[in-house]
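*Asks:* Take a look at this one; I'll ask things after.
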Amino acid sequence: MQKLSMDQLNRVDVETFKTQDKTPIALVLDNVRSMHNVGSSFRTGDAFAIEKIVLCGITATPPHREIEKTALGATQSVAWSHVKDSVEAIAQLKEEGYEIISVEQTSNSVSLETFQPDSSKKYALVFGNEVHGVDEDVIAASDLTLEIPQFGTKHSFNVSVTMGIVLWDLVNKTKFIKK
């Protein structure tokens, strides 16, 4: 067994990435305070070739050194925008045909392992603030809330870990990305 080199991984360049087919998923960051988590969203978004990231409220925007520490250049490949109000961003995404899924623990959350995404739909996944989670108004504007089962003493995963788990699950179940 040998670790693969960058050349052997055969990754596309940024310009090719921008024109290739995308996974029909948008990430929405609702007042995420850590620039490292913002950077991670870009890197994870790039890995799954998502359509875009919408940064809302206090969520920091590129270019910023602290975002780039974890994004490692993915701010150049993944399309993004900033919308001051998260509910406004959700309304705009609904107009664009996205089903809105807030990833949050609520009385009506669907457990991730039982959620069956529809590969004919576009999804906007909303991830919330590291302390307060997804805002109540955003939850109310969502079509669904999704929750990751957990078995330890903490009530949640780090938001960047949550993004990776949920994206992988949706992509794996729908086969959005073809090998």
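*Asks:* Suppose R0 equals 30 Å; then what is the FRET efficiency for K3 and A79 from their Cβ-Cβ distance, rounded to the nearest 0.05? Spell out each step's value before the answer.
*Replies:* Values: r = 31 Å, r/R0 = 1.04.
With a Förster radius of 30 Å, E is 0.45.
*Asks:* Now, a different point. On the accessible surface of region 24-76, probed at 1.4 Å, how many percent belong to carbon and sulfur atoms?
*Replies:* Answer for region 24-76: carbon and sulfur cover 52 percent of the accessible area.
*Asks:* Oh, and also: If we restrict to alpha carbons, what Rg and Dmax does region 92-164 come to, in Å?
*Replies:* 12.3, 39
*Asks:* Shifting gears a bit: Hey, what's region 136-179 come to in accessible area per residue, 1.4 Å probe, Å²?
*Replies:* 62
*Asks:* Sticking with this structure for a sec: With a ≥ b ≥ c the root eigenvalues of the C-alpha gyration tensor of region 70-125, is it rounded (a/c under 1.5), prolate (a/b larger than b/c) or oblate?
*Replies:* On the way: a/c = 1.68, a/b = 1.43, b/c = 1.17.
It comes out prolate by the Cα gyration axes.
*Asks:* Report the full-extension gain for the segment S120 to I165: residue separation times 0.36 nm, less the Cα-Cα distance, to one decimal in nm.
*Replies:* Using 0.36 nm per residue and subtracting the Cα-Cα distance, I get 14.1 nm.
*Asks:* Give the Rg (one decimal place) followed by the Dmax (whole number) of region 34-113, computed from C-alpha coordinates and expressed in Å.
*Replies:* 13.6, 39
*Asks:* Moving to a separate point now. By how many degrees, between 0 and 90 and to the nearest 10, does the Cα long axis of helix 159-174 differ from the longest principal axis of the chain?
*Replies:* 80
*Asks:* Give me, ordered by chain and number, the residues 5 or more places off L146 or on other chains with an amide H under 5 Å from its own placed amide H.
*Replies:* Distant-sequence amide H within range of L146: S102, V103, E104, V110.
*Asks:* At a Förster distance of 25 Å, what's the computed FRET efficiency of F157 paired with T16, Cβ-Cβ distance as r, to 0.05?
*Replies:* Working: r = 32 Å, r/R0 = 1.29.
With a Förster radius of 25 Å, E is 0.20.
*Asks:* Further question on the same structure: Solvent-accessible area of M163, probe 1.4 Å, all protein chains present, reported in Å² to the nearest ten, please.
*Replies:* We get 0 Å² for M163.
*Asks:* Which trypsin sites (Lys or Arg not before Pro) in region 93-162 sit in a loop by DSSP (not H, G, I, E or B) and have at most 10 other Cβ atoms within 10 Å of their own Cβ?
*Replies:* K154
*Asks:* Can you tell me how region 6-65 classifies by the Cα gyration tensor, rounded, prolate or oblate, using a/c under 1.5 as the rounded cut?
*Replies:* Prolate, since a/c reaches 1.5 and a/b exceeds b/c.
*Asks:* Show me the three semi-axes of the equivalent ellipsoid for the chain, from the C-alpha gyration tensor (sqrt of 5 times each eigenvalue), largest first, rounded to whole Å.
*Replies:* After scaling each eigenvalue by five and taking roots: 25, 19, 17 Å.
The values are calculated or read from the model by the stated rules, or taken from the named source; none is laboratory data. Note that the structure is predicted; figures quoted are calculated from it, not measured. Cβ atoms come from the backbone with ideal geometry, glycine included; neighbour counts cover every protein chain shown. For the accessible areas, the whole protein counts, side chains as well, though only heavy atoms, and no ligand, DNA or RNA atoms are used. Shrake-Rupley method; radii C 1.70, N 1.55, O 1.52, S 1.80 Å.
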